[in-house]
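Reading through the structure tokens given below for one structure.
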Amino acid sequence: MIDDIALAAHNLTREEYDSIVRLIGREPNLTELGIFSVMWSEHCGYKSSKVYLKKFPTRGKYLIQGPGENAGVMDIGDGLAVVFKIESHNHPSYIEPYQGAATGVGGILRDIFTMGARPVAVLDSLRFGPLDKPQNRSVAEGVVSGISGYGNAFGVPTVGGEVYFHDCYSQNPLVNVCCVGLAEKDKIFLARAQGVGNAVIYVGAKTGRDGIHGATMASAEFGKDTEQKRPNVQVGDPFKEKLLLEACLEAMAKGLIIGIQDMGAAGLTCSTTEMAAKSDTGMEIDLDLVPQREEGMNPYEIMLSESQERMLIVTSQDKVKPLQAVFSKWDLEAVVIGKVTDDRQLKAHFHGELVIDIPVKAVVDLCPAYRRPVEAPAFVRKLARYKIPEMPADLDLNQVFLQLVAYPDIADKKWVFRQYDHMVQINTIVLPGGDAAVLRLKGTKKGLAMTLDGNSLYAYLNPKRGGEIVVAEACRNLACVGAAPMGVTNCLNFGNPEKPEIMWQFKEAVEGIARACREFDIPVTGGNVSFYNETEGQAVFPTPVLGIVGLVDDVATIPAAGFRGEREAIVLLGENKEELGGSEYLRLVFDQEKGQAPELDFNKEKSVQEVCRQAIKQKLVRTAHDISEGGLAVALAECSIKSKKGIGFEVKLNGPIRTDALLFGESQSRIILVAKEKNAGKILALARKMKVKAKVIGKTGGKKMVIWHRKKKVVEQPVELMRDAFKNSIPRYFKI
Amino acid sequence: MKFGVVVFPGSNCDYDTFHALQNVMGQETVFLWHKASDLQNVDCVVLPGGFSYGDYLRSGAIARFSPVMAEVKKFAAGGGLVLGICNGFQILQESGLLPGAMLRNKHLKFLCQPVYVKIDNSRTPFSQAGRKDQVLNIPIAHFDGNYYAPPGVLTELERKRQIVFRYCDERGQLTEEANVNGSLHHIAGVINEQGNVLGMMPHPERASEKIVGSDDGQVIFQSIIDYLEKRAGSQKKKAAKKVRPVVSPLPPLIGNL
Amino acid sequence: MKVRILVSLKPSVLDPQGQVVKNALHTLGYQTVKDVRQGKIFEIELENTDRQVVEKLVPEMADKVLANPIIENFTWEIIEG
Amino acid sequence: MKVRILVSLKPSVLDPQGQVVKNALHTLGYQTVKDVRQGKIFEIELENTDRQVVEKLVPEMADKVLANPIIENFTWEIIEG
Ligand SMILES: Nc1ncnc2c1ncn2[C@@H]1O[C@H](COP(=O)(O)OP(=O)(O)O)[C@@H](O)[C@H]1O
Ligand SMILES: [Mg+2]
């Protein structure tokens, strides 16, 4: 009998249970309850977020497949499509950092190749607690080596991402992984169970008792008593995944597959019901035929297991043998476990008994959607009213400059990305460390640009604007390599949605992102929501992470992220404003996370990006870098540090803005372009034409970084010193 | 010349190597499946990078038992050229075709980055297109590349000039810092005593086109081509087959052999 | 005093390493091999020689550093001193 | 029958993994730790129960597959049956 204890264990409310009973016309048995509980969990059912996610624009001229499938698909010309999606693996990565992160990569890879695409790149967005605590270091080490361990072995380059540190992530690290794949555009595969009588085939690893209730776990807050409830985390097998990839792509190319779906969260439950529901069919399977790793597994365990490296395939009976031949060549199992039916029910037998008999639509489509109460938290208004303190008279800005480049949020992330194979497949032409990564498309002049971005402090201060800025910044990163954005995937990491303040943050952020995507005219093709990133009542900052892909028409035009030569003109596109709210400077010097997030004017932003792209297209730009965390001074420093020969710069600034804001304020819509002197004028002319403020602010050269403000030298640091500070900051924490 | 790139199920630089040889260097290139017992008359076998059979036990430990390796051993014994890159190097060690073993990198992290290596012996079929002490910029990407051999073996390697590549800095200095993985004697590549089997940790296929950062890796491929052409010339003129590159953003189905 | 700590994956946790080794052994003709599980061993030399202290310390260290109790079990023994 | 094979780096080979563990333990205050060496263990279940056969088989498998004799040593024992 299903009692309150059973319901609580399944994270279902009494009302939800009653509607299950109504939908299936009787009381469910425990296995059926388990099925509903995972499919109606926050993680799979999006019950708190659905009503808001509808606000995202999901149409666009290059769009082939929007939200609702395993990944989004965009047309990139030449008969090719890019397939991409982001996924969070936050909870598992805290429990078992290595395996949690590794299986996060495994899961998102399967989402991509289940659609017929070969994964060509991974990007990862990571947030940890500060590195001075040993626990945070070990989570960071485990997560990074998990991502590297899985991605490297699988053979996909991890080409970009971001890493941030804040105490709110100490017990709730965020691990978001985005995968980008490439496919022929007319050979996209979908999760369909079409054709009554067709075979349902299980391929890949055997089913064990792994991660039962992973999806429900990802839908609950951690408390002191979670320790026992924490289920077996899954262990990844990247080698098996590689075999699965090759076998699936080969079977697809040979026309042996009608529909296919990976088994991720909620395993067999999710794949069977979703495939059937999307095709208006049913499925009948025999659980005894499911390959099992352990003895004595019951229907509940088999249906809910989250064992990795498995897929479900539907194909016609005559293709079963050839399909099995392909899989056996790759040393994999492919077992017929049932067939497609026309009754729209999922039926499963176990030891000859019918143990599951439920309507697939009820499971998949009728999960309740909640419009949970929202309420703006009091702190938001309070923080926004914060008056930025005067610049202390004795503040040594030159010293602040040095400290800022070594600030972990800003410092070099090479310690992370050199553990990732970012070159395999030999397409990566803009490596990690730039604004956006670029892959060449062999045999064409084109490049595929991609970036992952987030700024949770802005979102904390002002979630709507934070959402807008994250889109703008991601697009700006693409503009810096000359790419126009095409499509967006997003991962929304928030606290407990049952709290009105959290729900408000979520709603605001989504509205911000939606608005910005409309402004840039790019569709959201998919994404992921991760709620309950909260431990003992302490939620993470609202953390929307955006993945955007775009196209570069001619890879030969892509500028470098660092200076390339002496005496080149440094052009500032955009306007410096006196804004210090939410800046890293304010954090570092005043230990404050307050104020208002920087302003964003979409028209200005779009024009700045357009000037940047045009200038690049016309081959005027040698170096391009967007101005983000740390402001103008830090952006200039990065160009200098990233130059091969350690080229310095001298920049002269004027204007009434207070010097600290001018150097380190994080006003939006600014890009640094560096050009040969003779070309600087052309860039300015371009800018003038598009009504963008632009100015030559100085030139490259020398071995020092020098900035003047109103005829006063405010910054002067040797490149070498700054480079060391930038490079050694993070490795210093991990010295053996 | 005809090259064969071996495909183990967990190889992941197989197509990259194929691309460099066929599309960049213009050589006829075929894939050799790990279960195959026929080397298709190739002139040179390349064991590419990757994780042959998952490499959970030790890198390359299990690949050595594959059917294709039995053939590769015979091929090598008969004087055929065998190049092992990264995982290929590890497999050659495990198979006993090259001396030494790989330990974990000294900082116990996977390392992916461009490094400099210098040619210490330019009189091998794999390095003759370069000069002695020439510095090459080629990426590495490995977890276990920390070359180890017992002291006696090392002495012999030095004496017999079997160390072909060493990690160095941009100017060719053998600094401690440049030896990123901690290899003994800075070893990045060794050749067998007979001079026809070479293993190297850096990936020349990742450095064969300027657009990906460097084309220094061509030195290795060009050396092999020159050597083979000369050898063929001295036997009988082997009709040089022209190969049309098939460059596409999507690799072919490699396993579909 | 010297102790040895054996860390192995819990029986219900997938052990891809052990699987691959098993398959390799089969390929080589060792059909008699039914199952392989791979684990880690740590040999730790301690300055401390007080048995009681060691009996408290070792499991503590194993729990905190050497093994992740979510997926791994450990056993330990004194091998010297 | 069940056997356990311990594979460890030869004493002459540096064991940085052990060093890292040692340092981690020190950081957490376990100053009594003097040295740590890390190795691998394999627990193999055999269908065979003939002791003599097993005594021939196991070292053979260890030598061929489980350990690399250039850098590793192994020991083994029967733990069941
Ligand atoms: N987790 C990561 N994985 C891979 N690359 C990363 C990661 N974190 C940072 N990087 C690389 O370092 C660069 C700099 O990071 P970040 O400071 O976030 O730059 P920006 O703010 O300009 O986007 C990124 O663009 C990316 O290429
Ligand atoms: Mg950024």
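Note on A:Lys85, A:Lys727: ascending count of other Cβ atoms within 10 Å places them as A:Lys727, A:Lys85, the fewest first.
Placing unit charges on each Cβ (+1 for Lys and Arg, -1 for Asp and Glu) gives chain C a dipole about its Cα centre, and among C:Met1, C:Leu57, C:Gly18 the Cα reaching farthest toward its positive end belongs to C:Gly18.
Under 15 Å from the Cβ of A:Pro377, count the other residues' Cβ atoms, weight Lys and Arg +1, Asp and Glu -1, and hand me the total. Counting the neighbours of A:Pro377, the net charge comes to +2. Protection proxy ranking for B:50-56, A:185-191, B:35-41, using the average of other Cβ atoms within 10 Å per residue and placing the highest first: B:50-56, A:185-191, B:35-41.
Residue of chain C with the smallest Cβ distance to the axis mapping C onto D, distance rounded to whole Å: C:Ile41, 3. The range A:156-217 and the range D:28-49 have their alpha-carbon centroids 34 Å apart. Against the main long axis of the alpha-carbon atoms of chain A, helix A:30-39 sits at an angle near 20°. Neighbouring Cβ atoms from other chains, within 10 Å of the Cβ of residues in B:61-68, number 4 on average. Cβ crowding within 10 Å, taken as a proxy for footprinting-reagent exposure, orders B:Glu209, A:Glu666 from fewest neighbours to most as B:Glu209, A:Glu666. Note on A:Asp342 and A:Lys693: the model spin-label points, each 7 Å out from Cα along the C-beta direction, lie 6.9 nm apart.
Using the Cβ-Cβ distance between C:Lys34 and A:Glu375 with R0 = 41 Å, the FRET efficiency computed as 1/(1 + (r/R0)^6) comes to roughly 0.10. Pairs of Cα atoms nearer than 8 Å and 6+ residues apart set the relative contact order; for chain A it is 15 percent. Relative to the longest principal axis of chain A, what angle (0 to 90°, nearest 10) does the C-alpha long axis of helix A:631-641 take? It is inclined by approximately 90 degrees. Can you list the residues of the range A:696-736 with backbone N under 19 Å from a point 7 Å past the Cα of A:Leu395, pointing along Cα to Cβ? Only A:707-717 pass the distance filter. For the range A:277-393, the Stokes-Einstein estimate of translational diffusion at 10 °C and a viscosity of 1.306 mPa s comes to 84 µm²/s, using the Kirkwood hydrodynamic radius over alpha-carbon pairs. The loop-placed trypsin sites (Lys or Arg not before Pro) in the range B:99-181, going by DSSP, that have at most 12 neighbouring Cβ atoms within 10 Å of their Cβ come out as B:Arg123, B:Arg131, B:Lys132, B:Arg171. Is the shape of chain B best called rounded, prolate or oblate, per the rule: a/c under 1.5 gives rounded, else a/b larger than b/c gives prolate, else oblate, with a ≥ b ≥ c the square roots of the Cα gyration tensor eigenvalues? Rounded, since a/c falls under 1.5.
Charged side chains reduced to their Cβ positions (Lys and Arg at +1, Asp and Glu at -1) give the range A:52-195 a dipole of some 440 debye around its Cα centre.
With each label modelled as a point 7 angstrom along the Cα→C-beta vector, the A:Arg567-D:Lys64 pair spans 7.1 nm. B:Cys13 sits among other residues whose Cβ lies under 14 Å from its own Cβ, and their net charge, with Lys and Arg +1 and Asp and Glu -1, is -3. Here is the list for the range D:3-81: GluC sites (Glu not before Pro) lying in DSSP coil, each with at most 12 other C-beta atoms within 10 angstrom of its C-beta, are D:Glu47. Label reach from D:Lys2 (point 7 Å along Cα→C-beta): in the range A:173-215, amide nitrogens under 19 Å belong to A:209.
At an R0 of 30 angstrom, the distance between the Cβ atoms of A:Lys711 and A:Lys682 translates into a FRET efficiency of 0.55. The magnitude of the dipole of the protein assembly as shown, with charges of +1 and -1 set on the Cβ of Lys/Arg and Asp/Glu and taken from the Cα centre, is near 4900 debye. Other residues with beta-carbon under 11 Å from the beta-carbon of A:Met115 carry, at +1 per Lys or Arg and -1 per Asp or Glu, a net charge of +1. Projecting label points 7 angstrom from Cα along Cα→Cβ for D:Leu14 and A:Thr13 puts them 6.1 nm apart. Give me the tail of P(r) for chain A as a percent: Cα-Cα pairs with distance above 41 Å. I get 29 percent for the Cα pairs in chain A exceeding 41 Å. Once the Cβ-Cβ distance of D:Asn73 and A:Asp288 is raised to the sixth power relative to R0 = 41 Å, the FRET efficiency obtained is 0.35.
The ranking of A:Val589, B:Val117, A:Val21 from fewest to most other beta carbons within 10 Å of each one's beta carbon is A:Val21, A:Val589, B:Val117.
A label point on D:Gln52, set 7 Å along the Cα-to-Cβ line, lies at 5.2 nm from each of its counterparts in the other copies, closest listed first. Look at the stretch B:8-21: the mean tally of other chain Cβ atoms within 10 Å of its residues' Cβ atoms is 4.
What shape does the range D:2-80 take by its C-alpha gyration tensor, where a ≥ b ≥ c are the square roots of the eigenvalues and a/c under 1.5 counts as rounded, a/b above b/c as prolate, and the rest as oblate?
prolate
Principal-axis analysis of the Cα atoms of chain C puts helix C:51-61 at an angle of about 50° to the longest axis.
Does the range A:46-102 classify as rounded, prolate or oblate by the C-alpha gyration tensor (a ≥ b ≥ c root eigenvalues; a/c under 1.5 gives rounded; else a/b over b/c gives prolate, otherwise oblate)?
Numbers: a/c = 4.45, a/b = 1.51, b/c = 2.95.
Oblate, since a/c reaches 1.5 and b/c is not below a/b.
Please list the non-local residues whose amide H lies under 5 Å from the amide H of B:Cys86, H modeled 1.01 Å from N, same-chain partners needing a gap of 5 or more. Excluding prolines and chain starts, which carry no amide H, the hits are B:Met200, B:Met201.
Every number in this text was worked out from the coordinates using simple rules, so none of it is lab data. Values in this document were obtained by computation on a predicted structure and should not be read as measured data. Virtual Cβ from ideal backbone geometry, glycine too; neighbours counted across all protein chains shown.
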